[in-house]
Amino acid sequence: MKKLIYSLILSFMAISNVQADPVVDIHTSLGDIKVKLYDDTPIHRDNFLKLVREGYYDGVLFHRVIKDFMIQTGDPNSRTADSTTMLGSGDPSYTLEAEINYPKHFHKYGALAAARTGDQVNPERRSSGSQFYIVTGEKQSPRTLDMMAERANHERKQKYFNGLAKQHMDSIRSMQTAGDREGLENLRQELARMTEEAVKDEPMPAEIREAYINQGGTPHLDGQYTVFGEVIDGMDVVEKIQNVETGRADRPKEDVRVISMKVEE
């Protein structure tokens, strides 16, 4: 029992020594950026801190830069890549469990998020072990945000409806085999009614809407990628990076490099 208590005390001490919302300094060839990591995305936070302390990011390029969208880095293959090398597939040979926490964390201007492969090959939306991006985006119009909210509500309802249809698949197949169009339509209407009762329309939260209108961002990525931090200083440097001239595959024509990264203790 004493050993167990001692072990628990040590575990508590280890947790207590993790700095709340740790800050990382990113020293780039165009200036310095300071990011804060969120404590409620601990898998991404701890992995990022580990890689920073190991010097994993030192020397990597911002290999993908899209103006009014985002800047991306973290591919270890970019350190020694020549101008013809296609980048974007490098990682530490592992992925991270998604920690998508929308609407608390969203793709506002300055958001720090994890890159990943697409849904077709990555339905769980697991994050790259090392690649990340910083959002620049654009200021959004109220009409655009209304349309996005409407689309999101439709997708939620469609997903729920599809789940109900899957539960009734035997009946659906039987009616299809029998050519019972009336029965199929009656079932469709009943499932649609159940969906409307269960899934209510949700407006975009007011504070998120205001941020997208006044500061900008990339709202179409919300709920799909893990946002695990934000820039707290140095968005002028992010702006410099997003404005560089780019070529094939959105790679800057002149290298923009992460020189070093450091955890503020």
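The values are calculated or read from the model by the stated rules, or taken from the named source; none is laboratory data. What you are looking at is a predicted structure, and each value in this text was computed from that prediction instead of being measured. Cβ placement follows ideal geometry from the backbone for every residue including glycine, while neighbour counts extend to all protein chains displayed. Ligands, DNA and RNA are stripped out before the accessible areas are found, and what is left, the full protein with its side chains, is counted by its heavy atoms. Shrake-Rupley method; radii C 1.70, N 1.55, O 1.52, S 1.80 Å.
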Please specify each residue of region 29-46 satisfying the condition of being in contact with a strand residue (DSSP E or B) (Cβ under 6 Å, 6 or more places away or on another chain) and over 11 Å from Phe228 (Cα atoms). Ser29, Ile33, Lys34
So, Glu239, is that one in contact (Cβ under 8 Å) with a residue 60 or more places away in the chain, open to solvent by 30 Å² or more (accessible area, probe 1.4 Å) and of a type outside the set (Gly, Ala, Ser) or not? yes
Per the list (1) in contact with a helix residue (DSSP H, G or I) (Cβ under 8 Å, 6 or more places away or on another chain); (2) modelled with pLDDT of 95 or more, residue check on Thr95 breaks on (1)
All positions within region 170-188 that are part of a helix (DSSP H, G or I) and either closer than 20 Å to Pro203 by Cα or open to solvent by less than 100 Å² (accessible area, probe 1.4 Å) (or both): Ser171, Ile172, Ser174, Met175, Ala178, Gly183, Leu184, Glu185, Asn186, Leu187
Across region 146-164, what is the total count of residues that are among the small types (Gly, Ala, Ser) and either over 30 Å from Ile213 (Cα atoms) or open to solvent by 100 Å² or more (accessible area, probe 1.4 Å) (or both)? 1
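Can you say whether Gln167 is under 25 Å from Asp201 (Cα atoms), modelled with pLDDT of 95 or more and surrounded by fewer than 17 Cβ atoms within 10 Å (Cβ to Cβ), as far as the supplied structure shows?
Answer is yes for this residue.
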Restricting attention to region 51-72, does a residue exist that is more than 17 Å from Val244 (Cβ to Cβ), of a type in the set (A, V, I, L, M, F, W, C) and open to solvent by 60 Å² or more (accessible area, probe 1.4 Å)? no
Scan region 86-111 for residues that are closer than 19 Å to Phe62 by Cα and among the acidic types (Asp, Glu) and jot them down. Asp91
Name the residues in region 190-234 that are open to solvent by 30 Å² or more (accessible area, probe 1.4 Å), in a strand (DSSP E or B) and out of contact with any Gly (no Cβ under 6 Å at 6 or more places or on another chain), would you? Ile232, Asp233
Taking the residues in region 26-63 that are in contact (Cβ under 8 Å) with a residue 40 or more places away in the chain and among the basic types (Lys, Arg) as candidates, determine which candidate is nearest to Tyr94 (Cα to Cα). Arg45
Residue count, region 73-116 (criterion: part of a loop (DSSP other than H, G, I, E, B) and surrounded by 15 or more Cβ atoms within 10 Å (Cβ to Cβ)): 20
Filtered residues of region 117-145 (kept if in contact (Cβ under 8 Å) with a residue 60 or more places away in the chain, assigned to a strand (DSSP E or B) and either among the hydroxyl-bearing types (Ser, Thr, Tyr) or open to solvent by less than 20 Å² (accessible area, probe 1.4 Å) (or both)): Ser127, Phe132, Tyr133, Ile134, Val135
Among (1) touching a helix residue (DSSP H, G or I) at 6+ places or on another chain (Cβ under 8 Å); (2) under 30 Å from Val24 (Cα atoms); (3) of a type outside the set (Lys, Arg) - the single one Asn243 does not satisfy: (1)
Taking Gly110 and the conditions (1) under 20 Å from Asn47 (Cβ atoms); (2) in contact with a helix residue (DSSP H, G or I) (Cβ under 9 Å, 6 or more places away or on another chain); (3) small (Gly, Ala, Ser), which numbered condition does it fall short on, given that it satisfies the others? (1)
